[in-house]
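Reading through the structure tokens given below for one structure.
The values are calculated or read from the model by the stated rules, or taken from the named source; none is laboratory data. All figures in this text were calculated on a predicted structure; none of them were measured in a lab. FYI the Cβ positions are ideal-geometry reconstructions off the backbone, even for glycines, and counts take in every protein chain you see. Side chains included, ligands, DNA and RNA excluded: accessible areas come from the protein's heavy atoms. Shrake-Rupley method; radii C 1.70, N 1.55, O 1.52, S 1.80 Å.
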Amino acid sequence: MMGIAVVMLLTGGEEVLSGLQNLTILAALPFSVVLLVMMVAFIKDLHSDPMFIRRAYARTAVKNAVVRGIEEHGDDFEISVEHAEEGRGAGSDFDSAADRYTEWYQRTDEDGENVDYDFETGEWADGYKNS
């Protein structure tokens, strides 16, 4: 582009540079479309973020609790947290351990192997402690 600009300046003067400016804008247009597509892909990918998933769980759990409370107790009920029956919980149709959701934040050792985490004890298999 710089070479073309220098040649245009030498041959046609400053008026010819407006054509180069228009050409630059035209060349950038496909890249702006690529950026828009990347933005859409990024927003779609955020739907697999654990924070987004937890928020969706919370909404579903509260909705289910209210509906069940109205079904079983009419208008006089309170919401409490307890283990749900099979198929009634907020995440009954969701596998939170699926690779799609866990692959990108897996902890690995020096050899690149995944390190298991015990959710009951809160400890990593290699003895690492969170600070």
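Numerical summary
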{"item": "Tilt relative to the chain, helix 17-46 - C-alpha long axis, 0 to 90 degrees, to 10", "result": "10 degrees"}
{"item": "Sites matching chymotrypsin sites (Phe, Trp or Tyr not before Pro) across the stretch 13-103 that sit in DSSP coil, with at most 12 neighbouring C-beta atoms within 10 Å", "result": "none"}
{"item": "Accessible area of residue 8 in the full protein assembly, 1.4 Å probe (Å², nearest 10)", "result": "40 Å²"}
{"item": "Extension reserve of the residue 98-residue 43 stretch, reckoned as 0.36 nm per residue once the Cα distance is removed", "result": "17.8 nm"}
{"item": "Heavy-atom surface of the stretch 26-131, accessible at 1.4 Å and reported per residue (Å²)", "result": "88 Å²"}
{"item": "Packing-based ranking, highest mean first, of 106-117, 59-70 given that Cβ atoms within 10 Å are counted", "result": "59-70, 106-117"}
{"item": "Per residue, the convex hull volume that the Cα atoms of the chain enclose (Å³)", "result": "263 Å³"}
{"item": "Normalised convex hull volume, the stretch 1-71, alpha-carbon set, Å³ per residue", "result": "122 Å³"}
{"item": "Carbon plus sulfur fraction of accessible area for the chain, probe 1.4 Å, in percent", "result": "58 percent"}
{"item": "Global form of the stretch 44-92, assessed from the alpha-carbon gyration tensor, a/c cut-off 1.5", "result": "prolate"}
{"item": "Cα→Cβ-extended label distance, 7 Å offset, between residue 111 and residue 17, nm", "result": "6.2 nm"}
{"item": "Calculated [θ] (222 nm, deg cm²/dmol) that DSSP helices of n ≥ 4 give over the chain, each run adding -39,500 (n - 2.57)", "result": "-17500 deg cm²/dmol"}
